[in-house]
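Written out below as structure tokens is the structure these notes cover.
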Amino acid sequence: MKKLSSKIWSLIILFLVITVVFMSLFTNFLYDQLYVKDSEESMIEVGERLQSNYQGGKVTDEFVEKVEDFNMYSTFNVFAVRNPKELSACVPFEIDYDTLIGPEERRQLLKGEPITKIGYEERFEREVISVIVPLTDQNRLEGIIYLYYPLARITELANNEVIILISSVVVFSMLLAFFVHKGLGHIMRPLNELQHAVEKMSDGDYKTRVNVSSKDEIGKLSEAFNEMAAAIQSEDEDKKTFLATVSHELRTPISYVKGYSEAIQNNFIEGKEKDDAIQLIHREANRMERLTNELLQLAHSNRDQEKIDVYPMVISETIRESVDLLKNQSKHKEVEINLELDDSLIVQANEEKLKQIFINVIENSIRYSNKKSLIYILLKASGGNAVIEINDQGIGIPKDDLPYITEPFYRVNKARSRADGGSGLGLSIVKDLVKQHNGKLLIDSELGKGTYVTITIPLMEEL
Ligand code: ADP
């Protein structure tokens, strides 16, 4: 987290440095272009004007005086000399004639063109610009007009402005630092909050949520985090209730088995009572076996991402086999099962699982039917699906319970279902298995009249 803010800070400082460098280069450019060039141009202009007063021949004292008179009106120092070597007598600083006017400059002067020099003078402690305008007559250098002007330093030029500039840079930087600090705090706060929340989550505190204070990317991230946290929390709660229910379901048979086996061991019960107790222990052990089997099935069927092995199957055969397996139970209840099956329907399915679906549903129909009643099982094709309808004339399911009966451990009448050996897991397994076959499970019921279970499974596509 620290790293992100220091990255932003470095970017801003880099930006400031670039701006300052650019500004100073730009100011130097302006100084050079506007001030120095401008001074040079006016000096040349003045020099050339004075030059035009020269009519050739020897440079007269009168001309020299006239030029010097000009000093009174001009910001530049101007004077004329006949011999350039006299220059050093006229200026308040050292002049080395040879370096001032070398052969190249001499040639230029003889052509009548002015020359410009800029050099640092210790006497003035600043740069001095000087312009030399030639006085020529028939290719002879009769004299020169010399103009010089000590240039103001860039800092002097903009003395006040520089102070204003520096102080505004300082104020600006402070303001910038303040706002960046505020802004960064604003950006980093939700990120820090998120980090803490994630840490809490990984410690198992699924109740953690973060504030969503903006609509930007970070706000979206916080929102997504909250949704994820809610999903994990609900899954965690589901898991806890599921485990609590499983332990609860096991506790009753275990306490029966424990109690009766202790009674037998200590010879507290004899004869018929003892036989009944052994039968009860046997029944409870069966119940536990069934419960653990169903839990195992549920665990398997829950992994619906897992691909199941499917192959083409005549679905009516599987239904018949399932009914056959439940013969004893239906006979026991004197329930008649009526089959009306289309034998031409083929689906892609896993035989084991398909059988499990039918056994669970038909077993329920028998279990919750009244003695000597009828169960109809119909198999037909409809809209590219195999539709299996299982209809009983049993006790039915109250409307309020219908939405929940496919949830694990949900039973309409706990006492009765327990006596029937039901665990409330059957339909939740069926729901998962049907889903694995890309099918649908629909349950409708009328209390006291009967229940309709409709299962749809896609027919195998004809080649
Ligand atoms: P169980 O093992 O208890 O039968 P299921 O998940 O198969 O569990 O069914 C859940 C509950 O739905 C049952 O306890 C029962 O109350 C109700 N139920 C299921 N099928 C029927 C049916 N054909 N007729 C009436 N009630 C049914």
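Give me the lysines in straight-line cross-link reach of LYS258: C-alpha distance below 17 Å, same-chain residues under 8 apart excluded. Here the lysines satisfying the reach criterion relative to LYS258 are LYS274.
R0 = 56 Å: FRET efficiency of VAL169 with ASN83, Cβ-based, nearest 0.05? With R0 = 56 Å, the Cβ-Cβ based efficiency is 0.60. Could you tally up the Lys pairs in the range 4-157 with alpha carbons closer than 29 Å? Skip any pair fewer than 8 positions apart unless they're on separate chains. Counting lysine pairs in the range 4-157 gives 13.
In the range 361-463, what GluC sites (Glu not before Pro) fall in a loop by DSSP, with at most 12 other Cβ atoms inside 10 Å? All intermediate terms of the calculation are to be shown ahead of the outcome.
On the way: sites: GLU363, GLU389, GLU446, GLU461, GLU462; in loops: GLU461, GLU462.
Passing sites in the range 361-463 are GLU461, GLU462.
Using the Cβ atoms and a cut-off under 11 Å, what net charge is assigned to the surroundings of GLY394, where Lys and Arg are +1 and Asp and Glu are -1?
Numbers: positive: LYS333, ARG367, LYS371, LYS449; negative: ASP392, GLU446.
Once positives and negatives cancel, what remains is +2.
According to the calculation over all Cα-Cα pairs in the range 4-157, the P(r) per 10 Å bin from zero is 10, 34, 27, 12, 7, 6, 3, 1, 0 %.
Compute the FRET efficiency between PHE93 and HIS186 as 1/(1 + (r/R0)^6), taking r as their Cβ-Cβ distance and R0 = 56 Å, and round to the nearest 0.05.
On the way: r = 61 Å, r/R0 = 1.10.
After rounding, the FRET efficiency stands at 0.35.
The equivalent ellipsoid that matches the C-alpha gyration tensor of the chain spans semi-axes of 114, 28, 16 angstrom, in descending order.
With a 10 Å Cβ neighbour count serving as the proxy for reagent exposure, in which order, fewest first, do ARG140, ARG153 appear?
Numbers: ARG140 9, ARG153 13.
Exposure proxy ranking, most exposed first: ARG140, ARG153.
If the limit is 31 Å between Cα atoms, which of LYS240/LYS380; LYS327/LYS435; LYS331/LYS353; LYS272/LYS333 go over it? Could the numbers behind the result be given before it?
Details: LYS240/LYS380 42 Å; LYS327/LYS435 27 Å; LYS331/LYS353 25 Å; LYS272/LYS333 27 Å.
LYS240/LYS380, as the Cα separations exceed 31 Å there.
Where does the charge balance sit around SER344 when Lys and Arg score +1, Asp and Glu -1, over other residues with C-beta under 13 Å from its C-beta? My count for the surroundings of SER344 gives -3. For the chain, the residue among GLY183, PHE268, ASN226 whose Cα projects farthest onto the positive side of the dipole built from Cβ charges is PHE268. One decimal place: the segment GLU48-GLN33 gains 3.3 nm when fully extended, by the rule 0.36 nm per residue minus the C-alpha distance.
If you take the Cα centroid of the range 277-301 and the Cα centroid of the range 16-45, the two points sit 96 Å apart. Projecting label points 7 angstrom from Cα along Cα→Cβ for GLU68 and GLU407 puts them 11.7 nm apart.
Quote the FRET efficiency, to the nearest 0.05, computed for THR245 versus LYS380 with a Förster distance R0 of 45 Å and r equal to the Cβ-Cβ distance.
Details: r = 38 Å, r/R0 = 0.84.
So the FRET efficiency works out to roughly 0.75.
Averaging the Cα positions of each part gives two centres, and for the range 198-230 and the range 114-132 these lie 72 Å apart. For the range 424-449 versus the range 328-377, the inter-centroid distance based on Cα atoms is 13 Å.
What do the square roots of 5 times the Cα gyration tensor eigenvalues come to for the range 304-458, in whole Å, largest first, as semi-axes of the equivalent ellipsoid? Could the numbers behind the result be given before it?
Details: eigenvalues 115, 66, 40 Å².
Over the Cα atoms of the range 304-458, the ellipsoid semi-axes are 24, 18, 14 Å.
One equal scatterer on each Cα of the range 116-179, no solvent, Debye formula: the resulting log10 I(q)/I(0) at q = 0.15, 0.20, 0.27 Å⁻¹ is -0.68, -0.84, -1.04.
Convex hull over the alpha-carbon atoms of the range 368-456: what's its volume per residue in Å³? Don't jump to the answer; show the numbers that get you there.
Details: hull volume 8.7 nm³, N = 89.
Expressed per residue, the convex hull around the Cα atoms of the range 368-456 is 98 Å³.
In plain terms, if you count all Cα to Cα distances in the range 217-283 and split them into 10 Å steps from zero, the share in each step is 18, 25, 15, 14, 11, 9, 6, 2 percent.
For the range 82-241, dividing the convex hull volume of the Cα atoms by the residue count gives 227 Å³ per residue.
Read the figures in this text as sums done on the coordinates, not as results from a lab. Bear in mind that the values here come from a model prediction, so they are computed numbers and not experimental data. Ideal geometry is used to build each Cβ from the backbone, glycine not excepted, and the neighbour counts take in all protein chains shown.
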